[in-house]
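The structure under discussion appears below in the form of structure tokens.
The values are calculated or read from the model by the stated rules, or taken from the named source; none is laboratory data. Computed from a predicted model, the values in this text were never measured in an experiment. Quick reminder, even Gly has a Cβ in these numbers, built from the backbone with ideal geometry, and neighbours come from all protein chains shown. For the accessible areas, the whole protein counts, side chains as well, though only heavy atoms, and no ligand, DNA or RNA atoms are used. Shrake-Rupley method; radii C 1.70, N 1.55, O 1.52, S 1.80 Å.
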Amino acid sequence: MKKNILITGGAGFIGSHTYIALVAAGYVPIILDNFCNSNPIVLERLERISHLQLKFIKGDIRDSKLLGKIFLDYNISSVIHFAGLKSVGESVEKPLEYYDNNIIGTLNLLMAMRSANIQTLVFSSSATVYGNPVSAPISENFARCATNPYGRSKLIIENILEDVYQSEPGWNIACLRYFNPVGAHRSGLIGEDPLGIPNNLMPYIAQVAIGRRDHLNVFGGDYPTHDGTGVRDFIHVMDLAEGHVAALEYLYSKRGMLTVNLGTGHGVSVLQMIQAFEQASGMKVSYKIVNRRPGDVAECWADTTLAEQKMGWVARRSLQEICEDAWRWQSNNPNGFNS
Ligand code: NAD
Ligand code: WQD
């Protein structure tokens, strides 16, 4: 029988793409989202891509009663937990909101899962838990450290999950540490749609290319990297989505606790990304090199050996595919979901 999977935050960027990967793998995903950082139009788009009627509940992960009802009504087998706030800068301004949404929300989810006897969970962690890593590639046994409230919320949740796994028999938990998710589903129907001025590189580049912004500020041209700009591990969001399917399958077959990096294992600099995007889109991306952004590290990319060994998963899509898919999404939807 097909398994029902609850995806918290499933209307968001990564959750919506994971919805498609889950359907393709034969699961029945059910989305719970309060739309605090997403647009309801995504639900229609997911139906168009999957040709299936979508199961959706509008609500908040901090609502225990609602969670209990969902677990009862839908015979949920496991949970993929994306719901959370994710902006580093905003977390410095509003730490309480971040701890409330991310930590209290996760505690509430875990308690509701325990009451319903559901013990399989995939959690969205982040490379941010490595703080300022001493070198790259970064493997899972590197020291963890938080440099801002957002990162601290992820680190605390990882610790909570480790404690729960140790103390209560029967839990199966995957902590997936994402590097830099980018790109979009190849249909061009869903993609990243940040509210306001994008914080992240890829949506900013795409908005310059479509003419919504004048130019990109490149934060720092004097890093000790091959061209002086920051280097990151940009992973296609559909590769990342498929990583969640691989993690679920690992938990169902091998059981236990798994903490793995999800990245490509390769670093790409900001200037290389601009060039690749110009090539894929045929558009000019004007930029100016400005001061470094406080808190940024020079280089950050993943050692992906463990994910391959444990789950048989590797990122397959190229930088060119990332840029082509991001451009298809941006050019078909110049103003995002509200185009
Ligand atoms: P997103 O903001 O697009 O998606 C998160 C979704 O959760 C949104 O639809 C939002 O409305 C919903 N949500 C937030 N709080 C909620 C709550 N209390 N109850 C119900 N729904 C709620 O973000 P994303 O990029 O898809 O990220 C998903 C997860 O992955 C987050 O936990 C994020 O911290 C983590 N992550 C993201 C990145 C990245 O670069 N995008 C990198 C590492 C980790
Ligand atoms: C990438 C590179 C910037 C914007 C963030 C979070 C991290 C994780 C992923 C959630 C850097 C440069 C960027 C711009 C630029 N999220 N840049 N001009 O900082 O690696 O990671 O998202 O967990 O926690 O910190 O991603 O896309 O912001 O930056 O030059 O307008 O692009 O300096 O070198 P980052 P990013």
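Numbers below:
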item: Only one of Leu85, Leu54 that is open to solvent by 20 Å² or more (accessible area, probe 1.4 Å) and within 16 Å of ligand 2 (Cβ to nearest atom); result: Leu85
item: Test result for Glu158, at pLDDT below 95, open to solvent by less than 50 Å² (accessible area, probe 1.4 Å) and of a type in the set (D, E, K, R); result: no
item: Filter pass, Phe179 being open to solvent by 10 Å² or more (accessible area, probe 1.4 Å) and in contact with a Phe, Trp or Tyr (Cβ under 8 Å, 6 or more places away or on another chain); result: yes
item: Matching residues in the range 189-227 - criterion: being crowded, with 23+ Cβ neighbours inside 10 Å and small (Gly, Ala, Ser); result: Gly191, Ala206, Ala209
item: Conditions (1) touching a Ser or Thr at 6+ places or on another chain (Cβ under 9 Å); (2) assigned to a strand (DSSP E or B); (3) closer than 30 Å to Ile5 by Cβ; number of the one not met by Ile289; result: (3)
item: Lone qualifier among Leu85, Leu67, Leu110 - being closer than 23 Å to Arg255 by Cα and touching a residue at least 40 places away in the same chain (Cβ under 8 Å); result: Leu110
item: Residue within the range 26-35 that is on the phi < 0 side of the Ramachandran plot and among the small types (Gly, Ala, Ser) present; result: no
item: The listed residue being within 16 Å of ligand 2 (Cβ to nearest atom) and under 21 Å from Ile118 (Cβ atoms), out of Gly10, Gly59, Gly68, Gly15; result: Gly15
item: Unmet criterion (only one of (1) farther than 16 Å from Met111 by Cβ; (2) surrounded by 15 or more Cβ atoms within 10 Å (Cβ to Cβ); (3) of a type in the set (D, E, K, R)) for Asp60; result: (1)
item: Conditions (1) in contact with a helix residue (DSSP H, G or I) (Cβ under 9 Å, 6 or more places away or on another chain); (2) surrounded by fewer than 22 Cβ atoms within 10 Å (Cβ to Cβ); number of the one not met by Gln275; result: (1)
item: Check on Leu96, in contact (Cβ under 8 Å) with a residue 24 or more places away in the chain and either of a type in the set (D, E, K, R) or away from ligand 2 (no atom under 16 Å from the Cβ) (or both); result: no
item: Residue check for Pro95: farther than 22 Å from Asn180 by Cα and touching a Pro at 6+ places or on another chain (Cβ under 8 Å); result: yes
item: Subset of the range 228-245 (residues that are of a type in the set (A, V, I, L, M) and either open to solvent by 10 Å² or more (accessible area, probe 1.4 Å) or outside any helix (DSSP H, G or I) (or both)); result: Val231, Ile235, Met238, Val245
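Here is a yes/no grid of residues against (1) among the polar types (S, T, N, Q); (2) modelled with pLDDT of 95 or more; (3) within 16 Å of the chain's Cα centre (by Cα); (4) not in a helix (DSSP H, G or I):
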{"residue": "Ser187", "(1), (2), (3), (4)": "yes, yes, no, yes"}
{"residue": "Ile190", "(1), (2), (3), (4)": "no, yes, yes, yes"}
{"residue": "Asp193", "(1), (2), (3), (4)": "no, yes, yes, yes"}
{"residue": "Pro203", "(1), (2), (3), (4)": "no, yes, yes, no"}
{"residue": "Gly221", "(1), (2), (3), (4)": "no, yes, no, yes"}
{"residue": "His226", "(1), (2), (3), (4)": "no, yes, no, yes"}
{"residue": "Leu251", "(1), (2), (3), (4)": "no, yes, no, no"}
